[in-house]
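Structure record follows, encoded as C-alpha cells.
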Amino acid sequence: MQNIEIRNSSHAFYEFLEVCKLPLPSGIKIYKKGYLLKKSGGRFRENKLQTYAGVFCKRWLQRWFLISEEGFLYTINSLSTQIREVLNFDQSFKIEYGTKETGTKFGITIITSTRKIYLRAPDFFQALDWISSIQEAVKNCPYVNINRFYSFAPVRNPTSFCKWYIDGEGYFNDVYEAIIKATKEVFLTGWWISPELYLKRPVSPDNTEFRLDKVLQKIASRGVKINIILYREVKLALNNDSAYTKSALQSLSPNIKVIRHPKEFLFLWSHHEKMVVVDQSIAFLGGLDLCYGRMDTNSHPLHDPASLEGQGETFPGIDYANPRIADFRNVREYSTSLIEKNVVPRLPWHDIAMMVVGEPVKDLTRHFIQTWNFAQIELNGKKDSFIIPKTIHRPKNEDKTESKTKNLKLKAARLKSKMKTILKLQTNSQKNAAESSDK
C-alpha cells in the first residue's frame, strides 16, 4: 500500500526530495534544484509570435530548474527527462531581484548573452535561497570574469600541453588516433566536412577503415556520442553540400547527430571553426577542415607520389584537386577526380593546426556546447538534443587544509550574501508598503 501511495504521488515525492529523473553527467556540481515560475519570452532573437506571447500574454509556467557551476537548465517538471533549455554563465551574466528591479514580487531576472529569463519564487525565503545559490554558483564559474586578452577563458595550469602541426599529414593522422580511442563523446565543428575523407595515407583497398565515416561509425557502434556542427553554406556561392554530409553521417548511427547552422543566410559571415574534441580530454583546432583538398605533406608534391610508385594513392578520387582550374562540385561523386590526374598538377595546401591536452580542452568543450545548445533553439526550436556541460575536475592532490579554508570562506560569503539580499528585499517590501499606505 505504501508503494502504491508513493507511485501515485511521485511528483510530490520528487519535489520534496529536490531530485529529478533527468540523467546528469558525472562530475556536475549542483547548487540548487527545484520549481520556479518562468515567464515566456525574453530571447534576444525570437520570432514575433514568441515576443507577443511573452510581452502581451505574460504567461507564467511552472518549470523545474537546476543550477550548476556552469549555468542552469530547466525541464517541464521533475519527472521529465526532456530539457527545455541550457544556459551558461558567461561575461554577459547579470542577476536582478526584488519588486523594483523585476516588477514582480519575489521576482528574479537572469541575463545571459542569448536571453533574459524572468523567474518568480513562491515566497520570500525560497527567493532568498535561489538568489544565494545562483550567486554562489557564479562565484565558482571561471567564465564570468574578463580574462587576459579579453578572453572568455581563464589562464590555465602550465602543465597543459600543446603540439603544433604544419600541413595536414601529421594532423589527420593524430586526429584518427584520438577519435578511434574515444570512449564517451566526440565533438566536431567545420566549415566543410567530407564523410569519405581518408585520415591516413596512402590509400588502398585494404585500409578503408581510415575513412572518416567508417571511423565515426565504428566508435558510434561502441556507444560513443558524436555531435557535429556544420556550416550551412550559401548554395549559390559554395558547393560544400552540407545537406549530404548530414544525411550521410546521421544514417550511420543514432549516436551521430549533425546540425547545419545558421538557419538563414547571413551576409559576409560563416562558421569557420575547425575543431575536434575527444572525451573532453584532448582537442584539435586550427586551419584544417576535415574535407577534400586539405591533406598534404611537407614536400607538397604536385602529383600523386604513391600512385606513381604503385603503392595505392596519396590523393584518391576527388581529393586530387586543383580549385584554380576546377573548383569542387558534385562532391557526392567522391571517387572521381575533377581534373585529369596524369596531366594536370594538383594544388598544394599549406596550413597549420594544433593539438591541446589538459585544462584548456575544457574551455574548447564549453565553447562547443554553448554553440550547440544555442543552435538547438535557433533551428526550429529543437529541444531534444541539448548537451549538459560538465564541471571541470579539480586536482586530486589539492591541499586539504587549503580546501577547508576555501569552504569556510565560501560559507561566510554565502551568509554575507544572504544578509545583503534579505536587507534589500526587506527594504523593497517596506517601500512598497509605504507607497501603498500613502495612496
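The values are calculated or read from the model by the stated rules, or taken from the named source; none is laboratory data. Here the structure is a predicted model, which means the values were calculated and not measured. Methodologically, a virtual Cβ is constructed for each residue, glycine included, from the backbone with ideal geometry; neighbour enumeration extends over all protein chains shown.
Answer yes or no as to whether P254 is in the same structural domain as K341 (by TED's automatic domain parsing), surrounded by fewer than 19 Cβ atoms within 10 Å (Cβ to Cβ), over 23 Å from F386 (Cα atoms) and of a type outside the set (A, V, I, L, M, F, W, C). Don't jump to the end; show me each part of the working.
Values: in the same structural domain as K341 (by TED's automatic domain parsing): yes; surrounded by fewer than 19 Cβ atoms within 10 Å (Cβ to Cβ): yes; over 23 Å from F386 (Cα atoms): no; of a type outside the set (A, V, I, L, M, F, W, C): yes.
So P254 does not fit the description; no.
Looking only at residues that are of a type in the set (A, V, I, L, M, F, W, C) and surrounded by fewer than 20 Cβ atoms within 10 Å (Cβ to Cβ) in the stretch 77-119, which one is farthest from R59 (Cα to Cα)?
F93
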Taking the stretch 342-383 and keeping residues surrounded by fewer than 16 Cβ atoms within 10 Å (Cβ to Cβ) and either among the polar types (S, T, N, Q) or in contact with a helix residue (DSSP H, G or I) (Cβ under 8 Å, 6 or more places away or on another chain) (or both) leaves N342, N380, K382, K383
Of the numbered conditions (1) out of contact with any Asp or Glu (no Cβ under 7 Å at 6 or more places or on another chain); (2) under 23 Å from Q370 (Cβ atoms); (3) not assigned by TED's automatic domain parsing to the domain that holds V276, I179 satisfies every one except a single condition; which is it? (3)
Being closer than 30 Å to L61 by Cα and either at pLDDT 90 or above or in contact with a helix residue (DSSP H, G or I) (Cβ under 7 Å, 6 or more places away or on another chain) (or both) narrows E169, E136 down to just E136
Qualifying residues in the stretch 189-241 (those that are among the basic types (K, R) and over 17 Å from H272 (Cβ atoms)) - the one surrounded by the most Cβ atoms within 10 Å (Cβ to Cβ): R201
Can you name the residue in the stretch 24-42 that is within 18 Å of T102 (Cβ to Cβ) and part of a loop (DSSP other than H, G, I, E, B) and, of all such residues, is modelled with the highest pLDDT? S40
Residues (within 17 Å of R211 (Cβ to Cβ) and free of Cβ contacts under 8 Å to residues at least 60 places away in the same chain) located in the stretch 322-334: E333
Might you check whether a residue that is of a type outside the set (S, T, Y), in a loop (DSSP other than H, G, I, E, B) and farther than 21 Å from L338 by Cα occurs anywhere in the stretch 290-303? yes
Determine whether the stretch 43-61 contains at least one residue that is at pLDDT 85 or above, of a type outside the set (G, A, S), touching a Leu at 6+ places or on another chain (Cβ under 6 Å) and over 22 Å from I28 (Cβ atoms). yes
Residue pairs, Cβ under 6 Å, 6 or more apart or interchain, first in the stretch 292-317 and under 12 Å from H350 (Cα atoms), second in a loop (DSSP other than H, G, I, E, B) and acidic (D, E). List them. D296/D167; N298/D167
Q280 passes all but one of the listed conditions (1) in contact (Cβ under 8 Å) with a residue 60 or more places away in the chain; (2) in a strand (DSSP E or B); the exception is number (2)
Does the stretch 208-216 include one or more residues that are under 23 Å from the mean Cα position of the chain (by Cα), β-branched (V, I, T) and not assigned by TED's automatic domain parsing to the domain that holds E69? yes
Scan the stretch 13-36 and report the pairs whose first residue is farther than 19 Å from I134 by Cβ and whose second residue is surrounded by 16 or more Cβ atoms within 10 Å (Cβ to Cβ) and at pLDDT below 70, with Cβ atoms within less than 6 Å and a gap of 6+ or a chain change. G27/T391
Kindly provide the set of residues from the stretch 161-189 that are in a helix (DSSP H, G or I), touching a residue at least 24 places away in the same chain (Cβ under 8 Å) and not polar (S, T, N, Q), ordered by number. G168, E169, Y171, F172, D174, V175, Y176, A178, I179
